[in-house]
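J.: Quick one: this structure, given as structure tokens, is what I'll be asking you about.
Rule-based calculations on the coordinates, nothing more; no lab input. Keep in mind it's a predicted model, so treat the numbers as computed, not measured.
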């Protein structure tokens, strides 16, 4: 009989933290509450996380890794057209926001530590995700033989538009305007296509 590997306290702390974020919001996350729910001493999580910021940052780093995996899913610059790859990335980003709501909300959190010195892996993770969009625009323009006057501006335009739409969908606030989820999902391709057409 194969034994199932026991999860480390670090992983259990992160999983329980995500549950707290989901039910009570990130502002109500505390190491003491995580320890209480796990049935361990209040000091036990500190063997893995120096403080609350360190715990939140570790969760955000993992979230960015998951986001990166989502974004590149189905993208192939060798076999797929520029348009197919562009639409894949846009759809995948929005899908992450919907499938991984807690990770997405944490990444968006305005009080998330941003110190390059104290949390270099968090900053590096964010740069990798942004770099995927930058590479996408570069590949698309190169494959289509289009010279962009300002690739940075194009990347910021695409990223901010898709990120903004994903944020609205993930928040559920668009329901106030009587939009159904399936109607919003159908708009992802429309928005992505218009972005694509504006540069290619």
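J.: Treating the angle as unsigned and between 0 and 90°, give the value, to the nearest 10°, between the Cα long axis of helix 120-143 and the longest Cα principal axis of the chain.
T.: Around 20 degrees separate the two axes.
J.: Next question, about the same structure. Can you give me the C-alpha center-to-center distance between the stretch 38-59 and the stretch 63-86, rounded to a whole angstrom?
T.: Spelled out, the Cα-based centre of one part sits 34 Å from the other.
J.: Once both axes come from the Cα atoms, what is the angle between helix 9-24 and the longest principal axis of the chain, in degrees from 0 to 90, rounded to 10?
T.: Helix 9-24 and the main axis of the chain meet at about 70 degrees.
J.: Continuing with this model, one more query. Per the helix-only calculation at 222 nm, which mean residue ellipticity applies to the chain, given -39500 (n - 2.57) for every DSSP H run of n ≥ 4 and division by its residues, nearest 500 deg cm²/dmol?
T.: That comes out to -22500 deg cm²/dmol.
J.: Taking only Cα atoms, what is the 0 to 90° angle, nearest 10, from helix 151-171's long axis to the longest principal axis of the chain?
T.: 50
J.: Right, something else. Test of understanding: express the Cα radius of gyration of the stretch 1-49 as a ratio to 2.2 N^0.38 Å, with N the residue count.
T.: 1.24
J.: Taking the chain as a Gaussian network, Cα atoms linked when under 10 Å apart, which of 81, 161, 57 shows the biggest mean-square fluctuation?
T.: Comparing 81, 161, 57 in a Gaussian network model of the chain, the most mobile one is 81.
J.: Based solely on C-alpha atoms, express the radius of gyration and the Dmax of the stretch 43-186 in angstrom.
T.: My reading of the Cα-based Rg and Dmax gives 17.1, 59 Å.
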